[in-house]
1. Go through the residues of segment 346-364 one by one and say whether even a single one is buried (at least 23 other Cβ atoms within 10 Å of the Cβ), touching a helix residue (DSSP H, G or I) at 6+ places or on another chain (Cβ under 9 Å) and under 29 Å from residue 614 (Cβ atoms).
2. Has segment 20-42 got any residue that is farther than 30 Å from residue 686 by Cβ, exposed (fewer than 14 other Cβ atoms within 10 Å of the Cβ) and modelled with pLDDT of 50 or more?
3. When you go through 643, 637 one by one, which is the residue that is touching a helix residue (DSSP H, G or I) at 6+ places or on another chain (Cβ under 9 Å), in contact (Cβ under 8 Å) with a residue 24 or more places away in the chain and either on the phi > 0 side of the Ramachandran plot or surrounded by fewer than 24 Cβ atoms within 10 Å (Cβ to Cβ) (or both)?
4. Can you say whether residue 669 is assigned by TED's automatic domain parsing to the domain that holds residue 330, free of Cβ contacts under 8 Å to residues at least 40 places away in the same chain and farther than 16 Å from residue 326 by Cα, as far as the supplied structure shows?
5. Among the residues of segment 550-557, is there at least one that is at pLDDT below 95 and either under 20 Å from residue 421 (Cα atoms) or outside any loop (DSSP other than H, G, I, E, B) (or both)?
6. All but one of (1) surrounded by fewer than 23 Cβ atoms within 10 Å (Cβ to Cβ); (2) over 19 Å from residue 689 (Cβ atoms); (3) not assigned by TED's automatic domain parsing to the domain that holds residue 685 hold for residue 310, so report the exception by its number.
7. Tell me the residue from 573, 583 that is assigned to a loop (DSSP other than H, G, I, E, B) and at pLDDT 95 or above, please.
8. Considering only segment 158-173, state which residues are in a loop (DSSP other than H, G, I, E, B) and surrounded by fewer than 24 Cβ atoms within 10 Å (Cβ to Cβ).
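The values are calculated or read from the model by the stated rules, or taken from the named source; none is laboratory data. A quick note: this is a predicted structure, and the numbers were derived from the prediction, not measured. Methodologically, a virtual Cβ is constructed for each residue, glycine included, from the backbone with ideal geometry; neighbour enumeration extends over all protein chains shown.
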């Protein structure tokens, strides 16, 4: 075991060295195709700040308005209050992070009313800039980042009094919704700051609340490019010139007065001869000394060099997939989506303060309920080393905490939205043959989810509620999110069965295959949808399949379907589509059932439960319908500009859906299976992690020629609208001949359930 860990540590080092090598393709698309401002409106909740791929530091603007619509702290229609070093991107739920906010000001120094108009905002991969302040007091702010260090450059007006205020107690705080509940409101409960000389400052903050209420402590060490002429500390609204050390801040209980409790340091500069001030700030979960070591390791990296290195890393990410054809807008959306798919989870290898381990460590799987569907399967193809590291990190978390997370943020499990979808991530990695993952340990983790019920007080954060599941074969209305949990538990049990099959536990395999069919226990044959049931077996009265939950009668978290309707959720039977087709009355009836979902606009792209639905037509033998539905979604739901996403990006989930669908492939998570759609581009080349490539050619593809007429795989006729993982990972070429009218070409239907295990190589 020690040998494996040492080898993996060396392997991680190789991964980091690879990240700075020249790009993979001579036809590398321009970084200018990426717009980090996409999704900052319309509920996308993306973060426009500077970050490297999977970097923890996400250095960007915070605004005065942080209502329920802006969980990342950034509303482009509000004034800027400063720039903090840590953010999540694209998430819903409760806000998290927003640490160590820096605010540049001009003139009279005051920590009060730090809200400023802004203009000339510019965002590109690894870089952010904006002009802040009132006329004649405007400050150009530039930000860039490495994995654990934020670099900033402030250009002040000449011959003015220039100030930097560092708020160590800052956080993103949403207004309204559950954030009015104390346990969900981020609050600083302790902190300290120390100005060690006119150029250096260090400290820490302890925060509680947010998506998971578990406290965390984050440390920092910072260095300025030149000496300040005056330093001091401040709290709430009072300055203490010359007092270079302060501690203690408590923003609880949650009142107007406690909310204003703040603690920070300030620096004043003479701009008579030099108007530029630069700052480097390193963060660490371990200690101030660790932050200092990180800062020292980057001592020779200037702002411009950090920006160059960041751009190189992002260029390498964009080089993972080359596309040709399509419109400029489609290419811009595609590469912006590829960028967005690489911001989370955050690589905190070397920063694991929670337990001692030689394994890689990632935090902010926010949440696997979203990302298991599209994001992690994408990593498996184009970032297999990263995906292996993430899976090993999840298993290491199970080893040391006792549970495989469904969500994890800042060193603790976040809220479980449905099932235990880490099970699917592990099954997906194993059936696709990712090396370096212990299948026995994986089975121990997923079987605990399936067999050991969570304690009621911890059921929001780990495991499943199994009493009903064990005794009734469904989750009853006695429990929150009962119907959606039933569907997810069934799908998750299929993943448990998959891993049991891979490790040779035949009896367990059969048992979990059987329970993966428990969704049928809530099927209403008359309504043709999943219908919640009480503990005594009676069905929910006055039930409507199309009713969208939550509604005015039930709280957000109490509804039988989590953020969706039964019509949407009833499509989610990825482990047993043919049984779903059977209860619907056959392929033609199932096609009509799916048509109703789309024709009556019941499908929603802005949330995850029905994301696979457009592709399920392949199981009814109607691949042409896939083309129609997917092309419509791509054209109407995704755009350039701030409103370019249809909802929360959810750590890259919606973005990676676009990537897959525009390529003309879609993964069935947890199975070694990809469904063929309708490519936007005439040619797409995926650079696989094994130095091979897989190319999808669709020379005749256009806005009207959306239908596959015939296909070849590596020059041989293909009569199926699906590929195996082996088909792709061994490299090669899929050729799709496109036309403007449907043609029957896919005579071989996809495998279902355990039959997909035959595809494992």
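1. No, every residue in segment 346-364 fails to be buried (at least 23 other Cβ atoms within 10 Å of the Cβ), touching a helix residue (DSSP H, G or I) at 6+ places or on another chain (Cβ under 9 Å) and under 29 Å from residue 614 (Cβ atoms).
2. Going through segment 20-42, the residues farther than 30 Å from residue 686 by Cβ turn out to be 41.
This time we only want the ones that are exposed (fewer than 14 other Cβ atoms within 10 Å of the Cβ), so: none.
The answer is no; no qualifying residue exists.
3. Values: 643 fails: touching a helix residue (DSSP H, G or I) at 6+ places or on another chain (Cβ under 9 Å).
Matching residue, one of 643, 637: 637.
4. Working: assigned by TED's automatic domain parsing to the domain that holds residue 330: yes; free of Cβ contacts under 8 Å to residues at least 40 places away in the same chain: no; farther than 16 Å from residue 326 by Cα: yes.
Taking the combined requirement at face value, the residue does not satisfy it.
5. Start the filter on segment 550-557 by keeping residues that are at pLDDT below 95, which leaves 550-557.
Keeping just the survivors that are either under 20 Å from residue 421 (Cα atoms) or outside any loop (DSSP other than H, G, I, E, B) (or both) gives 557.
The answer is yes; a qualifying residue exists.
6. Failing condition for residue 310: (1).
7. Working: 583 fails: assigned to a loop (DSSP other than H, G, I, E, B).
Going through 573, 583 in turn, just one is assigned to a loop (DSSP other than H, G, I, E, B) and at pLDDT 95 or above: 573.
8. As a first pass, look at segment 158-173 and keep what is in a loop (DSSP other than H, G, I, E, B): 158-160, 168-173.
Matches in segment 158-173: 158, 159, 160, 173.
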